[in-house]
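Here the structure comes first, spelled out in C-alpha cells, and everything after it is commentary.
The values are calculated or read from the model by the stated rules, or taken from the named source; none is laboratory data. Values in this document were obtained by computation on a predicted structure and should not be read as measured data. Because the Cβ atoms are built from the backbone with ideal geometry, glycine has one as well, and the counts that use them run over all protein chains shown.
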Amino acid sequence: MARLPAPRTSLLQLGLAICLLLPSRFTAMSDQQSTPPAPIPSPNASAKELEEQGDQLRSEKRFLDSVDFYKAAIAKQPSALLWNKKGMAYLLLQRFDDATSCFNRAIKMDKRNAAAYNNRGYMEYRARSYDKALHFYQKAVSLQPTDAVFRYNIGSAYFAMQDYPRAAQAFHTAYHLDPDIFERVSKTGIIAQTTSPENRGAFSFMVAKMYAQAGDFNHSLEYLRKAMEEGYKHINKVYTDAEFASLREDPRFTELMAQKPQPIQ
C-alpha cells in the first residue's frame, strides 16, 4: 500500500519567517563555555567590511552585536540596504519601534527599496493594521512584481481581513512565481503568518486545494492533514470541490480521510 507523506514543518508552524533560537544551557563543567566577548567595530574597517561582519553576527544570532556593526557601517556610508538590515536585527531583538524606525529610514533613503516596503508592511501586519500593511506590500509588489514573498504577504493580509477571494488570488500568483513558497523560509524579507487555529486550518485547506489543482498530490495530502489537525470545520468540501477531483482517485486520499486525524490541542 502506498504510504502517506510524513508531515513536514511548514511556514505556518514557524510563526515568523525568521525565528529566534535561544542557546542551550550546559550544566556539565566539561561542556561549559564562556560567552564570546562582544566584538568592537574597527574604525579602520570599510563600510563594506563592517556590513559583512554585521551579516556574520546576525547569522550567528548575535543580533545586538550585529546592530553595532550596522551602525558603524551607516556612519561611514549610509544606505537603504544597511538601514533595512539594521531594522531586521532590531526585529529579531523584538525591539519593534526601533525596527519600524529603521525601515522608515530605508524607505526615505531609497523610494525604490522593495524589501524595506515589505518589511515595513510586516510591522503594520503584526499590529493588525491590515489596510496599512496592504499599502506597503502593494508598493513592494509595484517595484518588484515577480517576488513571490511580497505576493504571499498580500495574500496573508487579505486572508486576515477575511477577504478570501483576493487572498486566494494572491496566493495563486505567489505559488506560480515560486512553487515552494509555502515550504521555504525567506532570507530576504519577512513573511507574514496566520496565527489563530481556525485561520490556520482554512489556510491549509486553501493551500491543499492549490496543490491538488497543480497535480502535486504529495503536498496536497500534507496540507489536508494539517487542515484536519488544525480543526478546519469544512473539511468535507474536499469531496465536492472540483479542484480535488483527481486527488480523490488517489488511494492515499481515501486512507487519509479514513484516518480522520483529530485536531491537535
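In table form, for the structure just shown:
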| quantity | calculated |
| --- | --- |
| Filtered residues of the range 50-63 (kept if surrounded by 14 or more Cβ atoms within 10 Å (Cβ to Cβ) and assigned to a helix (DSSP H, G or I)) | L50, E51, E52, Q53, G54, D55, Q56, L57, R58, F63 |
| Residue within the range 202-211 that is farther than 21 Å from P261 by Cβ, crowded, with 17+ Cβ neighbours inside 10 Å and modelled with pLDDT under 95 present | no |
| Tally, over the range 59-96, of residues that are charged (D, E, K, R) and more than 20 Å from the chain's Cα centre (by Cα) | 5 |
| Residue list for the range 125-178, filter: under 18 Å from V207 (Cα atoms), of a type in the set (F, W, Y) and crowded, with 19+ Cβ neighbours inside 10 Å | F150, Y152, Y158, F159, F171, Y175 |
| Yes/no for L81 being more than 23 Å from Y152 (Cβ to Cβ) and modelled with pLDDT of 95 or more | no |
| Single condition L93 does not satisfy, out of (1) surrounded by fewer than 16 Cβ atoms within 10 Å (Cβ to Cβ); (2) touching a residue at least 60 places away in the same chain (Cβ under 8 Å); (3) not polar (S, T, N, Q) | (2) |
| Every pair of residues 6+ apart whose Cβ atoms lie under 6 Å, when the first sits in the range 251-264 and is under 17 Å from K233 (Cβ atoms) while the second is assigned to a loop (DSSP other than H, G, I, E, B) | P263/G231 |
| Boolean, N84 is out of contact with any strand residue (DSSP E or B) (no Cβ under 7 Å at 6 or more places or on another chain) and in contact (Cβ under 8 Å) with a residue 24 or more places away in the chain | yes |
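Condition check ((1) under 24 Å from D163 (Cβ atoms); (2) surrounded by fewer than 16 Cβ atoms within 10 Å (Cβ to Cβ); (3) not charged (D, E, K, R)) across all residues:
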{"residue": "A214", "(1), (2), (3)": "yes, yes, yes"}
{"residue": "A227", "(1), (2), (3)": "yes, no, yes"}
{"residue": "E230", "(1), (2), (3)": "yes, no, no"}
{"residue": "K233", "(1), (2), (3)": "yes, yes, no"}
{"residue": "R248", "(1), (2), (3)": "no, yes, no"}
{"residue": "T254", "(1), (2), (3)": "no, yes, yes"}
{"residue": "K260", "(1), (2), (3)": "no, yes, no"}
{"residue": "P263", "(1), (2), (3)": "no, yes, yes"}
